[in-house]
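Colleague: Input: one structure, supplied below.
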Amino acid sequence: MTSTHTDDTPDAYAAFREELRQFAENQCPEALKTVVRSNQKVARAEYSAWQHKLHERGWGAPNWPVEYGGTGWDLQQRYLFEEVMAEADCPPLYHHGLGHIGPVIMHFGTDAQKARFLPRIVNGTEWWCQGYSEPGAGSDLASLRTSAVRDGDHYVINGQKIWTSHAQEADMMYTLVRTSAESRKQAGISLLLVPMNSPGIEVRPIPTIDHWHHVNEVFLRDVRVPVENLLGEEGGGWKCAKFLLDRERLSPATVPRLARLADQVAQLLAERGRASTGASQNVLQEHLYLAQAGVMGAREMLLSAIQEEMHGTLAASKSSALKLYCSELSQQLIGIALDVAGPTYAARLVDTVTNDDTEAEPLRELIHTYLFYRSRSIAGGTSEVQKNVIARDIFGA
Ligand SMILES: Cc1cc2nc3c(=O)[nH]c(=O)nc-3n(C[C@H](O)[C@H](O)[C@H](O)COP(=O)(O)OP(=O)(O)OC[C@H]3O[C@@H](n4cnc5c(N)ncnc54)[C@H](O)[C@@H]3O)c2cc1C
């Protein structure tokens, strides 16, 4: 078992796969692929440019209905797109717009909101971030306290969000706010679409262990947002939030990216493994085989989940199980990679995150990725919370 990509593509899809492969090869700049290959953070400008190219080709929103700029692809095509893009080291689709808020706007938005927001997500001109979590309201999201008070034809927002990924580069934030403190706590929540250049918004970076800037605190002080930016009904935000969270956990790109990582680790083992003793190489190889088998299993789960999602029958437990399993797999795989890099480099591990040792570059990327992936079992809902969802769904607990 050397590769986890699909080699069971039916002939009917061979031409399609080739079309995707050629596009990825010719249209994605090499510099961008290098960034993706080494798991570094893709800058907004490059990301937008790539999205723009996909849009021009008609592939800006593979999973959306045609009427909103989607492709109308079937299940196999959707998966092949993700797979070929991952194999070619093209960036994953920017999830906050295409995967998260876009479908919520389609489902709950007014015609004016659909016309205003959806085209700019598909063509890559407008970037979104998610303002859900607050200090004291992460897993227990319904306890959020940021308030929005109606003042004429505006809402006035006051409060604080935390862990807001990409807030420093986003144009818009979809955010949950409390519009009523009187009723059951879920019933007093609304979903507002907030321009990030609104007066009263302050974004402060949160330094993280991996030295990347991706999460922030967002402070909102008397931020005025027009009432037409309310998504769904006032007090109906919890329904929108749950709709979104179920989809957030089902990210079609996750498994192909894991498959690519598994291939990279296999390559690393083949190159570096020679330096280690036969016994430890065998152990690492065995761990890798198990992880590769896990990726194949995850692929089957994902395909059936996408199918169910297309038919509106997807159970929350399935997307939670996938999220849980893929988080664990990504941590396992990058852990194997570090074990392969092993003792030879261990002494450099401590300072390599910040020093300029170019020889240590590949190791630096591994360590960055290792540290970043620690957050996989927290972001988007912790592993414990996923287990709760699964238990509730299956056992009615
Ligand atoms: C890299 C990263 C990016 C993020 N991006 C965003 C973003 O863009 N937007 C956003 O809104 N949020 C974002 N988050 C926040 C993320 O959703 C929360 O961190 C997560 O939901 C956990 O909430 P918390 O940090 O408040 O921890 P807590 O909820 O306080 O949890 C602390 C611990 O208690 C456990 N726990 C809590 N409740 C239960 C329970 N009922 N049963 C069992 N165990 C429980 C948790 O599993 C965890 O181990 C991001 C987080 C990270 C790390």
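Colleague: Let me spell it out: the conditions are (1) assigned by TED's automatic domain parsing to the domain that holds Gly138; (2) open to solvent by 10 Å² or more (accessible area, probe 1.4 Å), and Arg260 meets all of them except one. Which number is the exception?
Modeller: Of everything listed in (1) assigned by TED's automatic domain parsing to the domain that holds Gly138; (2) open to solvent by 10 Å² or more (accessible area, probe 1.4 Å), Arg260 misses just condition (1).
Colleague: Does the stretch 64-80 contain any residue that is assigned to a helix (DSSP H, G or I), charged (D, E, K, R) and farther than 23 Å from Leu261 by Cβ? Working first, answer last.
Modeller: First, the residues of the stretch 64-80 that are assigned to a helix (DSSP H, G or I): 66-68, 75-80.
Remaining after also requiring charged (D, E, K, R): 67, 78.
Next, from what is left, pick out any that are farther than 23 Å from Leu261 by Cβ: 67.
Yes.
Colleague: If the Cβ limit is 6 Å and pairs must be 6+ apart or interchain, which residue in the stretch 146-163 that is outside any strand (DSSP E or B) pairs with which residue that is more than 16 Å from the ligand (Cβ to nearest atom)?
Modeller: That search, which allows pairs on different chains as well, returns Asp153/Val227.
Colleague: Looking at the stretch 157-164, can you tell me whether even one residue there is within 13 Å of the ligand (Cβ to nearest atom), in contact with a Lys or Arg (Cβ under 8 Å, 6 or more places away or on another chain) and among the small types (Gly, Ala, Ser)? Before the answer, list the steps.
Modeller: Residues of the stretch 157-164 within 13 Å of the ligand (Cβ to nearest atom): 159-164.
Narrowing further to those that are in contact with a Lys or Arg (Cβ under 8 Å, 6 or more places away or on another chain): 159.
Okay, now just the ones that are also among the small types (Gly, Ala, Ser), so 159.
So far as the stretch 157-164 goes, yes, one or more of its residues are within 13 Å of the ligand (Cβ to nearest atom), in contact with a Lys or Arg (Cβ under 8 Å, 6 or more places away or on another chain) and among the small types (Gly, Ala, Ser).
Colleague: Looking at the stretch 165-185, which of the residues that are under 21 Å from Glu233 (Cβ atoms) and part of a loop (DSSP other than H, G, I, E, B) is farthest from the ligand (Cβ to nearest atom)?
Modeller: Taking the stretch 165-185 as the starting set, the residues that turn out to be under 21 Å from Glu233 (Cβ atoms) are 172-185.
Filter again for part of a loop (DSSP other than H, G, I, E, B), leaving 179-184.
Working: Thr179: 18, Ser180: 21, Ala181: 20, Glu182: 25, Ser183: 22, Arg184: 18 Å.
Per the criteria, the residue is Glu182.
Colleague: Ok, one more. Can you go through Gly124, Gly109, Gly99 and tell me which one is touching a helix residue (DSSP H, G or I) at 6+ places or on another chain (Cβ under 6 Å) and of a type outside the set (D, E, K, R)?
Modeller: Working: Gly109 fails: touching a helix residue (DSSP H, G or I) at 6+ places or on another chain (Cβ under 6 Å); Gly99 fails: touching a helix residue (DSSP H, G or I) at 6+ places or on another chain (Cβ under 6 Å).
None of the others qualify; the one that does is Gly124.
Colleague: If a residue must be buried (at least 17 other Cβ atoms within 10 Å of the Cβ) and either closer than 11 Å to Gly159 by Cβ or more than 7 Å from the ligand (Cβ to nearest atom) (or both), how many such residues does the stretch 127-140 contain?
Modeller: Just the residues of the stretch 127-140 that are buried (at least 17 other Cβ atoms within 10 Å of the Cβ), to begin with: 127-134, 137-138.
Of the ones still in play, those that are also either closer than 11 Å to Gly159 by Cβ or more than 7 Å from the ligand (Cβ to nearest atom) (or both) are 127-128, 131, 134, 137.
The qualifying residues number 5.
Colleague: What tally of residues in the stretch 285-298 results from selecting those that are surrounded by fewer than 19 Cβ atoms within 10 Å (Cβ to Cβ) and closer than 17 Å to Glu82 by Cα? Spell out the reasoning first.
Modeller: Restricting attention to the stretch 285-298, the residues satisfying the condition of being surrounded by fewer than 19 Cβ atoms within 10 Å (Cβ to Cβ) are 285-287, 289-290, 293, 296-297.
Next, only the ones that are closer than 17 Å to Glu82 by Cα stay: 296-297.
Counting residues in the stretch 285-298 that are surrounded by fewer than 19 Cβ atoms within 10 Å (Cβ to Cβ) and closer than 17 Å to Glu82 by Cα gives 2.
Colleague: Within the stretch 84-100, count every residue that is over 30 Å from Leu176 (Cα atoms), assigned to a helix (DSSP H, G or I) and open to solvent by less than 10 Å² (accessible area, probe 1.4 Å). Lay out the reasoning, then the answer.
Modeller: At the first step, the residues of the stretch 84-100 found to be over 30 Å from Leu176 (Cα atoms) are 84-90.
Within this subset, residues satisfying the condition of being assigned to a helix (DSSP H, G or I) are 84-87.
After this cut, where a residue has to be open to solvent by less than 10 Å² (accessible area, probe 1.4 Å) as well, the list is 84-86.
Of the residues in the stretch 84-100, 3 are over 30 Å from Leu176 (Cα atoms), assigned to a helix (DSSP H, G or I) and open to solvent by less than 10 Å² (accessible area, probe 1.4 Å).
Colleague: Can you tell me which condition Arg224 does not meet? The list is (1) away from the ligand (no atom under 16 Å from the Cβ); (2) open to solvent by less than 40 Å² (accessible area, probe 1.4 Å), and all the others hold.
Modeller: Unmet condition: (2).
Colleague: Filtering the stretch 331-383 down to residues that are part of a loop (DSSP other than H, G, I, E, B) and at pLDDT below 65, which residue is least open to solvent (accessible area, probe 1.4 Å)? Even if it seems obvious, please write down each step before you answer.
Modeller: Quick first cut of the stretch 331-383, residues part of a loop (DSSP other than H, G, I, E, B) only: 350-357, 378-382.
In the following step, the residues that additionally are at pLDDT below 65 were identified as 350-357.
Details: Val350: 128, Asp351: 80, Thr352: 1, Val353: 27, Thr354: 94, Asn355: 48, Asp356: 139, Asp357: 49 Å².
Residue satisfying both the conditions and the ranking: Thr352.
Colleague: What's the number of the condition Gln285 fails, among (1) touching a residue at least 60 places away in the same chain (Cβ under 8 Å); (2) in contact with a Leu (Cβ under 9 Å, 6 or more places away or on another chain)?
Modeller: For Gln285, the exception is condition (1).
Colleague: Still on this structure: Here is a list: Thr179, Thr146. Which entry is among the hydroxyl-bearing types (Ser, Thr, Tyr), open to solvent by less than 10 Å² (accessible area, probe 1.4 Å) and in contact with a strand residue (DSSP E or B) (Cβ under 7 Å, 6 or more places away or on another chain)? Explain how you work it out, then say what you get.
Modeller: Numbers: Thr179 fails: open to solvent by less than 10 Å² (accessible area, probe 1.4 Å).
Every option except Thr146 fails the conditions.
Colleague: A further question follows. Please work out which one of (1) more than 23 Å from Phe117 (Cα to Cα); (2) over 20 Å from the mean Cα position of the chain (by Cα); (3) among the hydrophobic types (A, V, I, L, M, F, W, C) is the condition Val66 fails and give its number.
Modeller: With respect to (1) more than 23 Å from Phe117 (Cα to Cα); (2) over 20 Å from the mean Cα position of the chain (by Cα); (3) among the hydrophobic types (A, V, I, L, M, F, W, C), Val66 is out only on (1).
Colleague: Something else: Would you point out the residue of the stretch 280-315, among those that are within 12 Å of Val255 (Cα to Cα) and of a type in the set (D, E, K, R), that is nearest to the chain's Cα centre (by Cα)?
Modeller: Here the residue is Arg299.
Colleague: All but one of (1) without any contact (Cβ under 8 Å) to a residue 40 or more places away in the chain; (2) open to solvent by 20 Å² or more (accessible area, probe 1.4 Å) hold for Met106, so report the exception by its number.
Modeller: So Met106 meets the others, but not (1).
Colleague: Hey, can you tell me all the residues within the stretch 197-207 that are within 13 Å of the ligand (Cβ to nearest atom) and open to solvent by less than 40 Å² (accessible area, probe 1.4 Å)?
Modeller: Taking the stretch 197-207 and keeping what is within 13 Å of the ligand (Cβ to nearest atom), we get 203, 205-207.
Hit for the stretch 197-207 is Ile206, nothing else.
The values are calculated or read from the model by the stated rules, or taken from the named source; none is laboratory data. These numbers were taken from a predicted model, which means no experiment stands behind them. Because the Cβ atoms are built from the backbone with ideal geometry, glycine has one as well, and the counts that use them run over all protein chains shown. Note: areas computed on protein heavy atoms with side chains; ligands, DNA, RNA excluded. Shrake-Rupley method; radii C 1.70, N 1.55, O 1.52, S 1.80 Å.
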